[in-house]
Amino acid sequence: MNFFKSLAAGAFAIGAMVSFSAHADTVKLAVGEWAPYVGSELEGNGLHSQKVAEVFTSGGHEVAYDYSTWNRALELTKRGDMVATFPWSHTEEREADFIYPKTPIEEQKDVVFYRKDKFPDGLTITSLDDIAAQGLKVVGITGYWYNTPLADAGVDIHEVASDDLAWKFLEGGRADVFIENEVVGNLMKDKLFGDGASELAATDALRTVPMYIMFSKAHPDGAKLAEMWDANAK
């Protein structure tokens, strides 16, 4: 009798798992390429993508990624065509259109990259005010956190659509500095310039900042999924 009860219970459990898998909805997220954290050719779509997938799976959802430029990913999510995008730092400007959950994906360190031949004694930059005070010319990626405050401070900033364009702008001497995540920046300059990457250096940390998945206020599922994230993220 106990054997048949156990067999029935096991069959029920398997059936429940199959049913859950069959009914788990797929949530599409807007992203760009940002190795090693997000990338269509990276294992598990990148380190941050793996963390995001784990949280959504815990909440009963599967995920898929819609790759485009970062600026387009931001715009699609802002207008509600996509429910969320990641990873982004917090800005007050974005709070009007996006929900920031309480729990970030993880913390990141931003530094300022520059050419050694332009600044042989190095650069000391601990804030955006230092960039303005030193009269430095900046190349930045459209939609990133530093663009508006630098422009408001009167800094000469040239915006481009992608990080590889920003790196080529910096390496070509058309800008003095480029603000980027430390890990991502070191990987990208080695990939793009090989031995020439040694001609580029970085400051100490400009800031240490949490990186978030942002949920769209314009999407009908944005608020619900933001709550799901905080209930399942660790």
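Can you name the number of the only condition in (1) touching a strand residue (DSSP E or B) at 6+ places or on another chain (Cβ under 8 Å); (2) without any contact (Cβ under 8 Å) to a residue 24 or more places away in the chain; (3) more than 20 Å from Ser162 (Cβ to Cβ) that Asn186 fails?
Tallying (1) touching a strand residue (DSSP E or B) at 6+ places or on another chain (Cβ under 8 Å); (2) without any contact (Cβ under 8 Å) to a residue 24 or more places away in the chain; (3) more than 20 Å from Ser162 (Cβ to Cβ), Asn186 fails exactly one: (3).
The rows are residues; the columns are (1) of a type in the set (S, T, N, Q); (2) in a helix (DSSP H, G or I); (3) surrounded by 18 or more Cβ atoms within 10 Å (Cβ to Cβ).
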position: Trp167; (1), (2), (3): no, yes, yes
position: Leu187; (1), (2), (3): no, yes, no
position: Lys191; (1), (2), (3): no, yes, no
position: Gly194; (1), (2), (3): no, yes, no
position: Ala205; (1), (2), (3): no, no, no
position: Ile213; (1), (2), (3): no, no, yes
position: Ala218; (1), (2), (3): no, no, no
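Tell me which of these Trp145 doesn't satisfy, since it passes every other one: (1) crowded, with 17+ Cβ neighbours inside 10 Å; (2) of a type outside the set (Val, Ile, Thr); (3) at pLDDT 95 or above.
Every condition holds for Trp145 apart from (3).
Do we find that Val112 is at pLDDT 95 or above and touching a Lys or Arg at 6+ places or on another chain (Cβ under 9 Å) in this structure?
Details: at pLDDT 95 or above: yes; touching a Lys or Arg at 6+ places or on another chain (Cβ under 9 Å): no.
Considered against the rule, which asks whether it is at pLDDT 95 or above and touching a Lys or Arg at 6+ places or on another chain (Cβ under 9 Å), Val112 comes out as no.
Residues of segment 56-83 being more than 17 Å from Ser40 (Cβ to Cβ) and under 16 Å from the mean Cα position of the chain (by Cα), which ones?
Asn71, Leu74, Glu75, Thr77, Lys78, Val83
Got a sec? Which of Leu165, Leu150 is under 25 Å from the mean Cα position of the chain (by Cα), without any contact (Cβ under 8 Å) to a residue 40 or more places away in the chain and within 17 Å of His90 (Cα to Cα)? I'd like the intermediate steps shown before the answer.
Values: Leu165 fails: within 17 Å of His90 (Cα to Cα).
None of the others qualify; the one that does is Leu150.
Limited to segment 161-177, what total is found for residues that are within 17 Å of Ala197 (Cβ to Cβ), in contact with a helix residue (DSSP H, G or I) (Cβ under 8 Å, 6 or more places away or on another chain) and of a type in the set (A, V, I, L, M)? Break it down stepwise before answering.
As a first pass, look at segment 161-177 and keep what is within 17 Å of Ala197 (Cβ to Cβ): 163-173, 175, 177.
Now drop any that are not in contact with a helix residue (DSSP H, G or I) (Cβ under 8 Å, 6 or more places away or on another chain), which leaves 163-164, 167-168, 171, 175, 177.
In the following step, the residues that additionally are of a type in the set (A, V, I, L, M) were identified as 175, 177.
Final tally of qualifying residues: 2.
With outside the structural domain of Ser49 (by TED's automatic domain parsing), under 17 Å from the mean Cα position of the chain (by Cα) and at pLDDT 95 or above as the only criterion, which of Gly122, Gly140 stands out? Step through it out loud before you land on a result.
Values: Gly122 fails: under 17 Å from the mean Cα position of the chain (by Cα).
Matching residue, one of Gly122, Gly140: Gly140.
The values are calculated or read from the model by the stated rules, or taken from the named source; none is laboratory data. Note that the structure is predicted; figures quoted are calculated from it, not measured. Virtual Cβ from ideal backbone geometry, glycine too; neighbours counted across all protein chains shown.
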